[in-house]
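Peer 1: Sharing a structure with you now.
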Amino acid sequence: MRHLLLATILALLAVGPALARQPVIDMHVHADTVADYPPGMQYCVPLMDNEPVLDHSRPYAEQYGAAWFDAACDDPLIAATSDEDLLARTIERLEANNAIALLQGSPERVRAWMAAAPDRFIPSVDLRLGRSNPPLDIETMRRLFTDGGFVMLGEVTNQYVGIEPDDDRMRPYWALAEELDVPVGYHMGLGPPGAAAFYPEFSVATGNPLLLEPILRRHPGLRISIQHMAFGFHDELKMMLWTYPQLYVEISGPITWSDDFHTYLRDLVDAGLAGRIMFGTDSLVWPDMLDRSIAIIEDADYLTEQQKHDILFGNAVRFLKLDESEARARATGG
Ligand SMILES: [Zn+2]
């Protein structure tokens, strides 16, 4: 009997680490609405496997659309069917994966999602200058951070409207973020494939991480997360991470877009920068992207267990200045 008990304990110990799921922070979730996407749009991972062979006599947007919406692959991600479905499935996948998420959007939408699962989300307010509806003014923004519980400014998506990070109109927001010790998430690098066909104002040049340099020099206390790895500007990203310790990089987008993501992630890790890489999905209307993205990191054989933990959780705790044990308890439901 004693031997049986001992054997059972040993067996439990042996499988214990595999069962004890690591906590995860997804640094890139949007409080989105399904109306922004064509109904039933599938997502094949990696996305670029479905890059269309283009016919230059037909509209590009239509050809990309056809290639993605009807994408053929063995195991596509299935889009949420309604806003309620999107919220419910997002919470379900977060719980199932021991995860919490940085939630980006308008204050109203972020609050609505937070009400459904306050412990699963970390609120962030997004910003795009030059939109038809004007961005939040600086005093409204200040109140969100001082009294409203919001902890990050992002996603800042000015690249979609061709506005540079150091544009005069951005200066009050940078100054406010530094003053209030609010970190910023900034979209840099790529848009969707063929972005110029969908977003006429999208500008490659305004997504170069070097454009953050004057801001970091002016605001040395400011922490910025470069979202989407500034994909396409890898050398510039690496130089900026080397040079500015207050700069982090977040991997949403490229992680599910193409296998060469690993080339760039590995290069950052080999360069000694694993302590400033943060996990993110940009799952939009595909909540199962969380499971798929975590697996991509877990399966990366060039990462140590410690590096996986740091990328999936620890680096975001430091970037956001969270209480680690509280964040862990929220993620694991403990
Ligand atoms: Zn983005």
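Peer 1: Take each complete run of DSSP H in the chain, measure how far its Cα atoms stretch along the helix's own axis, and keep only those covering 24 Å or more with mean Kyte-Doolittle hydropathy at least 0.0; list them. Mind dumping the intermediate values first?
Peer 2: Details: long enough: 2-19 (25 Å, 1.78).
Result, helices passing both filters: 2-19.
Peer 1: So for the pair Ile138, Asp235, with labels modelled 7 Å out along Cα→Cβ, what separation do we get in nm?
Peer 2: 3.7
Peer 1: Beta carbons within 10 angstrom, averaged per residue: use that to sort the peptides 161-167, 23-29, 306-312, highest first. Please list the in-between numbers first.
Peer 2: Working: 161-167: 17.4, 23-29: 27.3, 306-312: 19.7.
With the highest mean Cβ count within 10 Å placed first, the list reads 23-29, 306-312, 161-167.
Peer 1: May I ask for the net charge around Pro172, where only other residues with Cβ less than 13 Å from the Cβ of Pro172 are counted and Lys, Arg are +1 while Asp, Glu are -1?
Peer 2: Neighbour charge sum, excluding Pro172 itself: -3.
Peer 1: Per-residue counts of other Cβ atoms within 10 Å, averaged by peptide: what ranking do you get for 100-111, 220-231, 289-300, highest first?
Peer 2: 220-231, 100-111, 289-300
Peer 1: Could I ask something else about it? Any idea how far apart Thr263 and Asp85 come out in nm if each label point goes 7 Å out from Cα toward Cβ?
Peer 2: For Thr263 paired with Asp85, the spin-label model returns 3.7 nm.
Peer 1: Still on this structure: Pull up all non-local amide H partners of Leu102: gap of 5 or more, or a different chain, and H-to-H distance under 5 Å with H placed in the peptide plane.
Peer 2: Correct list: Asp26, Met27, His28, Val29, Ile122.
Peer 1: Averaging sequence separations of C-alpha pairs under 8 Å and six or more residues apart, then dividing by the length of the range 29-332, give the relative contact order as a whole percent.
Peer 2: Relative contact order comes out at 19 percent.
Peer 1: Let me check I've understood the local charge: for Ser283, count other residues with C-beta under 12 angstrom from its C-beta, Lys and Arg +1, Asp and Glu -1. What total comes out? All intermediate terms of the calculation are to be shown ahead of the outcome.
Peer 2: Details: positive: Arg89, Arg93, Arg292; negative: Asp26, Asp32, Asp282, Asp288, Asp291.
That works out to -2.
Peer 1: Between the range 148-170 and the range 101-135, what is the separation of their alpha carbon centroids in Å?
Peer 2: 14
Peer 1: If you don't mind, there's one more thing I want to ask. What full-extension length gain, to one decimal in nm, is calculated for Arg218 and Ala96 as 0.36 nm per residue of separation minus the Cα-Cα distance?
Peer 2: The Arg218-Ala96 span can extend by a further 39.7 nm.
Peer 1: Okay, next question. Go ahead and run the numbers for FRET between Ile78 and Arg21, Cβ-Cβ distance against an R0 of 22 Å, rounding to 0.05.
Peer 2: On the way: r = 23 Å, r/R0 = 1.06.
The value I calculate is 0.40.
Peer 1: How many nm separate the modelled label positions at Trp242 and Asp36, each set 7 Å beyond the Cα in the direction of the Cβ?
Peer 2: 3.6
Where a number appears in this text, it was derived from the coordinates with a stated rule and is not lab data. As the structure is a computational prediction, the values presented were derived from the model and not from experiment. Methodologically, a virtual Cβ is constructed for each residue, glycine included, from the backbone with ideal geometry; neighbour enumeration extends over all protein chains shown.
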